[in-house]
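What follows is a set of notes on a single structure, which appears directly below.
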Amino acid sequence: MASAAEQLAANLSWKTFGKAKDLQRRILYTLLVLVVYRFGTYVPLPGINPQALQQLMQSTQHGILGMFNAFSGGAVERMSILALGIMPYISASIIVQLMTSMVPSLEKLKKEGESGRRKINQYTRYGTVALAILQGWGIVAGLANQGTLIDGGAFYRVATVAILVGGTMMLLWLGEQITARGVGNGVSLIIFAGIVAEMPRAIGNLLQQGSQNIISPALIISLIVFGLLVIAFVVFMERAQRRILVQYPKRQVGPQQMTGGESSHLPLKVNTAGVIPAIFASSLLLLPMTVASFAGENAGGWLSTLTAALGPGQPLYLLIYAALIIFFAFFYTAVVFNPADVADNLKKQGGFIPGVRPGERTAQYLDYVLTRLTAIGAVYMAAVCLLPELMRARWTIPFYFGGTSLLIVVSVTMDTITQVQSHLIAHQYEGLIQKSRLRGKRR
């Protein structure tokens, strides 16, 4: 039998949305903030040679700059004040999250509740500033080596790095405003907006190539159908989970009163690591190519050979890419999910898995199930990320979406829809409570 929340979710309609004024204001606020973000991606940095920048982006479109450009909605190719995007914060949050499981003091902070979470968030912001300074200085130095800067003086470089860092922190503030006053996770929505913003131009280029007979219409139709099937598969895998039954024993509270005895589920997602392994693997693989492109003629023979072997579509590139995704999927899952802690919490609450002893045996059972699920999730993620690369190499198709971008777009869309449904369900609950109060007053 469906629960009350499920029954309300099934009855959601446009009429319900029309009455939810608070949700409408949140959605409108989110859209306005995203418009401000998109406007910022068109504000260029001073002192940039546009022709030299265009040539540089064409030569490094398959490197880290190309990946940053996809995540920033074209801000890198325009070298705007938001060229760094939100990626320094993503990297800092991942590093802090990894350190939380390795450093005892940070692990203790994590268990202190809201106060500990605020301190960890503050450390993440400090890390964001540090990484933004390093990445900003690296971009400015690379632009200077390529002759893209009109003025390469020390003062100009410092001022440019300060502008780039300020742009990243402004995006972080905008993301926090969306999270607090809008709908969805603000940082994720900013990345989502950057990726989706370039879709119309990419689709236009694809259709233009079809009209010029560069790509056959049958291949374009096949790509559209195949893309829809892949999206449906990604949605299915992102929602897939293994529910482990947890039983709570009955307890006697008073002389004649019994509590407990209910059962619950412990959901374990197939893809616990999310999109993090794909981002890590892409960054590591694209690093040699980016270094070689910035070095230009000064690149050594071994670096040029390595870059050629690790080019997109090459067998060594595909093999290492898949291996890195699988490795980081297991590594990150082991960091974010500790079976021993979960088993200990279940034991403290009196819960147990039927047929499994509480404590160490429960931890071993959870680790066994999670390992099998992670193996499936890692293979799925590697397949989704390698498919665009294989099709680019086989048919020379100008794919706009990579596997990482597709995973981000689908995950953020699902999360945002879930939060909108939660607001609508809360609105319906409030309406039911108000009706019950009015009926009580009439009586």
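What is the one condition in (1) within 30 Å of Ala343 (Cα to Cα); (2) without any contact (Cβ under 8 Å) to a residue 60 or more places away in the chain; (3) of a type outside the set (Ser, Thr, Tyr) that Arg242 does not satisfy? Single failed check for Arg242: (2).
The C-beta contact set for segment 219-238 (first residue touching a residue at least 24 places away in the same chain (Cβ under 8 Å) and under 12 Å from Tyr380 (Cβ atoms), second residue outside any helix (DSSP H, G or I) and open to solvent by less than 70 Å² (accessible area, probe 1.4 Å), distance under 9 angstrom, 6+ apart or interchain) comprises Met237/Val270; Met237/Asn271; Glu238/Val270; Glu238/Asn271; Glu238/Gly274. Exactly one condition in (1) touching a strand residue (DSSP E or B) at 6+ places or on another chain (Cβ under 8 Å); (2) touching a residue at least 40 places away in the same chain (Cβ under 8 Å); (3) of a type outside the set (Lys, Arg) is false for Gly74; which is it? Tallying (1) touching a strand residue (DSSP E or B) at 6+ places or on another chain (Cβ under 8 Å); (2) touching a residue at least 40 places away in the same chain (Cβ under 8 Å); (3) of a type outside the set (Lys, Arg), Gly74 fails exactly one: (1). Gly204 meets each of the listed conditions (1) assigned to a helix (DSSP H, G or I); (2) open to solvent by 50 Å² or more (accessible area, probe 1.4 Å); (3) under 30 Å from Leu406 (Cβ atoms) apart from (2).
Kindly check whether there is at least one residue in segment 229-242 that is assigned to a strand (DSSP E or B), open to solvent by 70 Å² or more (accessible area, probe 1.4 Å) and at pLDDT 85 or above. Yes, segment 229-242 contains a residue that is assigned to a strand (DSSP E or B), open to solvent by 70 Å² or more (accessible area, probe 1.4 Å) and at pLDDT 85 or above. Any chance segment 339-348 includes a residue that's within 22 Å of Gln97 (Cα to Cα), within 22 Å of the chain's Cα centre (by Cα) and in a helix (DSSP H, G or I)? No, segment 339-348 has no match at all. Return yes or no: is Met258 surrounded by 14 or more Cβ atoms within 10 Å (Cβ to Cβ), at pLDDT below 75 and at negative phi? It is false that Met258 is surrounded by 14 or more Cβ atoms within 10 Å (Cβ to Cβ), at pLDDT below 75 and at negative phi.
Restricting attention to segment 371-412, which residues are hydroxyl-bearing (Ser, Thr, Tyr) and either at pLDDT 85 or above or open to solvent by 20 Å² or more (accessible area, probe 1.4 Å) (or both)? Of everything in segment 371-412, those that are hydroxyl-bearing (Ser, Thr, Tyr) and either at pLDDT 85 or above or open to solvent by 20 Å² or more (accessible area, probe 1.4 Å) (or both) turn out to be Thr371, Thr374, Tyr380, Thr396, Tyr400, Ser411. Listed by first and then second residue, the pairs linking a residue in segment 89-101 that is closer than 17 Å to Lys111 by Cβ and of a type in the set (Lys, Arg) to a residue that is at pLDDT 85 or above and buried (at least 19 other Cβ atoms within 10 Å of the Cβ), with Cβ atoms under 9 Å apart and 6 or more places separating them unless they lie on different chains, form an empty list.
Note on segment 309-362: residues that are among the aromatic types (Phe, Trp, Tyr) and open to solvent by less than 60 Å² (accessible area, probe 1.4 Å) total 5. Leu82 fulfils the conditions (1) surrounded by fewer than 15 Cβ atoms within 10 Å (Cβ to Cβ); (2) in contact with a Ser or Thr (Cβ under 9 Å, 6 or more places away or on another chain) except for a single criterion, (1). With respect to the conditions (1) assigned to a loop (DSSP other than H, G, I, E, B); (2) modelled with pLDDT under 80; (3) on the phi < 0 side of the Ramachandran plot, Gly73 lacks only one, and its number is (3).
Being closer than 23 Å to Ser405 by Cα and in contact (Cβ under 8 Å) with a residue 12 or more places away in the chain holds for only one residue in Ile163, Ile139, and it is Ile139.
The values are calculated or read from the model by the stated rules, or taken from the named source; none is laboratory data. None of these values were measured; they are calculated from a predicted model. Cβ: placed from backbone, ideal geometry, glycine included. Neighbour counts: every protein chain shown. In case anyone asks, the SASA skips ligands and DNA or RNA and just uses the protein heavy atoms, side chains included. Shrake-Rupley method; radii C 1.70, N 1.55, O 1.52, S 1.80 Å.
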